[in-house]
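Written out below as structure tokens is the structure these notes cover.
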Amino acid sequence: MEFIQMNKALLLAGAACVLCLSTPAKAQQMFGHEIEPYIGADYIFTSADFKKAGNLLKEDYNGGAVNIGTRLGKYAGLEAYYQMTGERKAKHESGSDLKSKFRSYGLDLFGYLPLGCADKVDLLASVGAGNYTLKVKGDPTGEYDKDHMGYRFGVGAQYNLTENFSVRVMGRYNYIGMRNLDSFKELTAGVRYSF
């Protein structure tokens, strides 16, 4: 339990760093580059890889995420996120309804590769860590509500519509390593507003 509390504290500290770096004057002194704080929202389609008893649960989930981040110059960035899926129902062998959903929060480090087109298009790569929670209700053996630290890797592209607005598409692999949930893959599409 102390390990989980420590992970939560570390992730919250990372989010606080993002907020501190979003103060342009301080950040420019530290990095000598232009700093661009932003907020965003994403639609997320998740395909889960369950194992053992989790095989009875639905594999596909729809959800969303909100995030706050800072682009550190032209090639790097840091982003904190909170993500949640909708609830899915499945039938247990006993005939009872199983209801499951996920939530996650964490921190990602981004790499940007600007392409031609007057810096309108960026290729993206990300690596990050998060705290993942799987909730299952209706299991005859009781309610299942477990937290676990996991890792995520992503690739994608971002199109900068204006100086402030951009749209982003990414694919991600999340390794969780829970007893009933090994990993999941995500496809995300969203918008960002830069300050």
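The values are calculated or read from the model by the stated rules, or taken from the named source; none is laboratory data. For clarity, every value in this text was computed on a predicted model and none was experimentally measured. FYI the Cβ positions are ideal-geometry reconstructions off the backbone, even for glycines, and counts take in every protein chain you see. Each accessible area value is taken on the protein alone, full model and side chains, heavy atoms only, with ligands, DNA and RNA left out. Shrake-Rupley method; radii C 1.70, N 1.55, O 1.52, S 1.80 Å.
At 7 Å along Cα-to-Cβ for each site, give me the label-to-label distance between Leu56 and Val191 in nm.
4.2 nm
Once you place label points 7 Å from the Cα toward the Cβ at Cys117 and Val66, how far apart are they in nm?
It works out to 2.9 nm between the two label points.
Given labels modelled 7 Å from the Cα in the Cβ direction, how far is it in nm from Val167 to Glu143?
That separation, rounded to one decimal, is 4.0 nm.
Which residues among the stretch 165-195 fall inside the zone where the amide N is under 12 Å from a point 7 Å beyond the Cα of Tyr151, along Cα→Cβ?
174-177, by backbone N distance to the label point.
Calculate, in nm to one decimal, what Ser47 and Glu34 gain on full extension: separation in residues at 0.36 nm each, minus their alpha carbon distance.
1.0 nm
Over the stretch 87-150, with every protein chain in place, what whole percent of the accessible area is carbon and sulfur at 1.4 Å, could you tell me?
C and S fraction of accessible area: 54 percent.
Heavy-atom accessible area per residue, the stretch 37-195, 1.4 Å probe: how many Å²?
Value returned for the stretch 37-195: 48 Å² of accessible area per residue.
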